[in-house]
1. So, ILE32, is that one part of a loop (DSSP other than H, G, I, E, B) and either over 26 Å from LYS145 (Cα atoms) or not hydroxyl-bearing (Ser, Thr, Tyr) (or both) or not?
2. Checking the condition among the acidic types (Asp, Glu) and more than 20 Å from PHE151 (Cα to Cα), which residue from GLU218, GLU256 passes?
3. Condition check: in contact with a helix residue (DSSP H, G or I) (Cβ under 7 Å, 6 or more places away or on another chain), in a helix (DSSP H, G or I), touching a residue at least 60 places away in the same chain (Cβ under 8 Å) and open to solvent by 10 Å² or more (accessible area, probe 1.4 Å). Does LYS15 satisfy that?
4. Since GLY209 meets every condition but one in (1) on the phi < 0 side of the Ramachandran plot; (2) at pLDDT 95 or above, which condition does it not meet?
5. Considering only residues of the stretch 251-267 that are surrounded by fewer than 16 Cβ atoms within 10 Å (Cβ to Cβ) and not β-branched (Val, Ile, Thr), which is nearest to LEU318 (Cα to Cα)?
6. Just to check your reading of the model, which residue among ASN352, ASN393, ASN378 is outside any helix (DSSP H, G or I) and in contact (Cβ under 8 Å) with a residue 24 or more places away in the chain?
7. Provide a single number: the residues in the stretch 241-256 that are at pLDDT below 90 and of a type outside the set (Ser, Thr, Tyr).
8. Select from the stretch 290-305 the residues that are under 12 Å from LEU386 (Cα atoms) and either of a type in the set (Asp, Glu) or open to solvent by less than 40 Å² (accessible area, probe 1.4 Å) (or both) and list them in ascending order.
Amino acid sequence: MEIERKIYTQILEWKQNCNGTKALLIEGARRIGKSTVAEEIGKKEYKSYIVIDFNKASKKILNSFDDLTNLDIFFQTISLEYNKRLYPRESLIIFDEIQKFPKAREAIKYLVADGRYDFIETGSLISIRENVESITLPSEERKIKMYPVDFEEFMIYMNEEILLDYIKECYKNKQPLDQKMHQKAMHLFKEYMLVGGMPQAIVAFAKNGRDFAAADVEKRDILGLYRDDIRKAARRYNSKVSALFENIPAYLSTHEKKIVLKAIEPGACFDKYDDPLFWLDDSMICNLCYKCNDPNVGFALNKNESAVKCYMGDTGLLVSLAFNENEIMDAQLYKQIMNDRLSLNEGMLYENAIAQMIVAKGRKLYFYTRYSVEKHRNDIEIDFLLSNESKTNFRVFPIEVKLSKNYTTTSLGRFKEMFGKKIASQYIIHPKNLTVDGDIVRIPPYMFGVIF
């Protein structure tokens, strides 16, 4: 495993705490490293392990799940087929791409009850109806979600752990970085934003002399896999899913960034797009961000399902989805972004990156807007809302993403007038160094990941 992943620690905690009483289901989008980290656990933490990849498992293996009345024979079949010896309480069996064979997931109940071995399941599209409608979901299963490589993991892989520690210390003390270190950190963040968090893209970037084009080749291959998944998996509504997916860059390049269904289908309404939106969200290809009508009393209770933004699950993939190879070269896109010469289209990448960071921390995405009848436009626009998640002392953290070095805080001011009693701190993500002005904290994007 070339890139050190934080989820490794979570998997170790499962191994130690569950002690064979529950299987672990690692869920995530395609190609983010689920299989790699599961196999690394097998190598380092067990005496032996077996990977059953349901993309290519033999008929003998598949048929062995038809009769689990004699588990001695079942485990013997697996051991012989993969030429690996299994040791009670010292071996791990990995069910890879388990969405391809739901019967194996259903079998977890009996395999865990047997208690001989530990089980890790990995997969994408785990909860899609087609993959669960014919099985009984096991209660003997602990779920964790895995996301693309985050900025901290990227920095460690790029041998910038000392700078990362310095960033954390500066935020803790609410002091700006040394200006040269700030510039270096911003440079790294822009690299990360363009390359993204797909492990293959990051490795290609690093091993080819920090070559963005090498990363782009890997990302386009992944986008091809996503399109195949949409065509095959979203059977009843794949045309709607495909239209939403391909239009993500168009939505995010507008001022409001919201999904506009009439651009896909005249007269379309959100009731008809519930399943396609669920598919994109559940696949973890995309991150949906809903409007909260009243942040006073909690976000989920006031979610407006007809006002939604759709961010890509990985910002690097958004770059490759938004621009073809010729556009990237002709517009000198990489050079523009690295030199802070941003247009509206490139500016959407920063907001997508912040959305990606929020989701990777296990938070749902919400935004807030208020329409002014008098002005015929929104007079408050808050990009993201976070909370302290308290039920007894609920507090809101409004977040705005500002890409230019000169901007106003009008929306934050009006938002505070409306919801002042509920607001804890206000955050502005901007390209400049950290500053604190009362309850407004201005931080550069590379620091956002450490504020939770």
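1. On the way: part of a loop (DSSP other than H, G, I, E, B): yes; either over 26 Å from LYS145 (Cα atoms) or not hydroxyl-bearing (Ser, Thr, Tyr) (or both): yes.
Considered against the rule, which asks whether it is part of a loop (DSSP other than H, G, I, E, B) and either over 26 Å from LYS145 (Cα atoms) or not hydroxyl-bearing (Ser, Thr, Tyr) (or both), ILE32 comes out as yes.
2. Values: GLU218 fails: more than 20 Å from PHE151 (Cα to Cα).
After ruling out the rest, the residue left standing is GLU256.
3. Numbers: in contact with a helix residue (DSSP H, G or I) (Cβ under 7 Å, 6 or more places away or on another chain): yes; in a helix (DSSP H, G or I): yes; touching a residue at least 60 places away in the same chain (Cβ under 8 Å): yes; open to solvent by 10 Å² or more (accessible area, probe 1.4 Å): yes.
Yes; evaluated as a whole, the condition is true for this residue.
4. Exception for GLY209: condition (1).
5. From the stretch 251-267, those surrounded by fewer than 16 Cβ atoms within 10 Å (Cβ to Cβ) are 253-256, 260, 262-263, 265-267; that's our starting set.
Imposing the further condition that a residue be not β-branched (Val, Ile, Thr) reduces the set to 253, 255-256, 262-263, 265-267.
Numbers: SER253: 11, HIS255: 17, GLU256: 18, LYS262: 22, ALA263: 20, GLU265: 23, PRO266: 26, GLY267: 28 Å.
Looking at the filtered set, the residue picked out is SER253.
6. Working: ASN352 fails: outside any helix (DSSP H, G or I); ASN393 fails: in contact (Cβ under 8 Å) with a residue 24 or more places away in the chain.
Residue meeting the stated conditions: ASN378.
7. 2
8. Those that are under 12 Å from LEU386 (Cα atoms) and either of a type in the set (Asp, Glu) or open to solvent by less than 40 Å² (accessible area, probe 1.4 Å) (or both): CYS292, PRO295, GLY298, PHE299.
The values are calculated or read from the model by the stated rules, or taken from the named source; none is laboratory data. These numbers come from a predicted model, not from an experiment. Heads up, the Cβs are rebuilt from the backbone with ideal geometry, glycines too, and the neighbour counts pull from every protein chain shown. With ligands, DNA and RNA removed, areas are computed over all heavy atoms of the protein, side chains included. Shrake-Rupley method; radii C 1.70, N 1.55, O 1.52, S 1.80 Å.
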